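Enquirer: Attaching a single structure in structure tokens format; questions to follow.
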Amino acid sequence: IVKLDIEGAEREVFSFGDNSWIGNTKLIIIELHDNYKEGCTKSFFNALQSHDYSAFFHHENIFVFIEGSKKH
């Protein structure tokens, strides 16, 4: 389980970081802060494109269950 609440730094983490770790976790719980920095939500969901996942919204948290990597 990975819990992220990084107050707007989501854009940098998911746009410019190494996101290979996503396939090694089953659940990401994240708060996205587009109100602090535009593009946080877009960069996060772009990083998930190579994975099969389900996302559920609960208050300020998004629960993302990673089901595996997509086969290309």
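Where a number appears in this text, it was derived from the coordinates with a stated rule and is not lab data. Everything quoted here is computed from the prediction, not taken from an experiment. Cβ: placed from backbone, ideal geometry, glycine included. Neighbour counts: every protein chain shown.
Enquirer: State which residue is surrounded by the most Cβ atoms within 10 Å (Cβ to Cβ) when the search covers only segment 6-41 and only residues that are in a loop (DSSP other than H, G, I, E, B) and either among the aliphatic types (A, V, I, L, M) or in contact with a His (Cβ under 7 Å, 6 or more places away or on another chain) (or both). Steps first, answer last, please.
Expert: Of all residues in segment 6-41, those in a loop (DSSP other than H, G, I, E, B) come to 6-9, 17-19, 25-26, 31-39.
Cutting the leftovers down to either among the aliphatic types (A, V, I, L, M) or in contact with a His (Cβ under 7 Å, 6 or more places away or on another chain) (or both) gives us 6-9, 32.
Values: Ile6: 15, Glu7: 11, Gly8: 15, Ala9: 15, Leu32: 24.
Restricting to residues being in a loop (DSSP other than H, G, I, E, B) and either among the aliphatic types (A, V, I, L, M) or in contact with a His (Cβ under 7 Å, 6 or more places away or on another chain) (or both), the top hit is Leu32.
Enquirer: Show the residue pairs that are 6+ apart or on different chains and have beta-carbon atoms under 9 Å apart, the first residue being within segment 16-36 and in contact (Cβ under 8 Å) with a residue 40 or more places away in the chain, the second being acidic (Asp, Glu).
Expert: Final answer for the pair search is Lys26/Glu67.
Enquirer: Restricting the search to segment 42-60, which residues are in a helix (DSSP H, G or I) and among the small types (Gly, Ala, Ser)?
Expert: So in segment 42-60, the residues in a helix (DSSP H, G or I) come out as 42-47.
Ser43, Ala47 - these are the residues of segment 42-60 that are in a helix (DSSP H, G or I) and among the small types (Gly, Ala, Ser).
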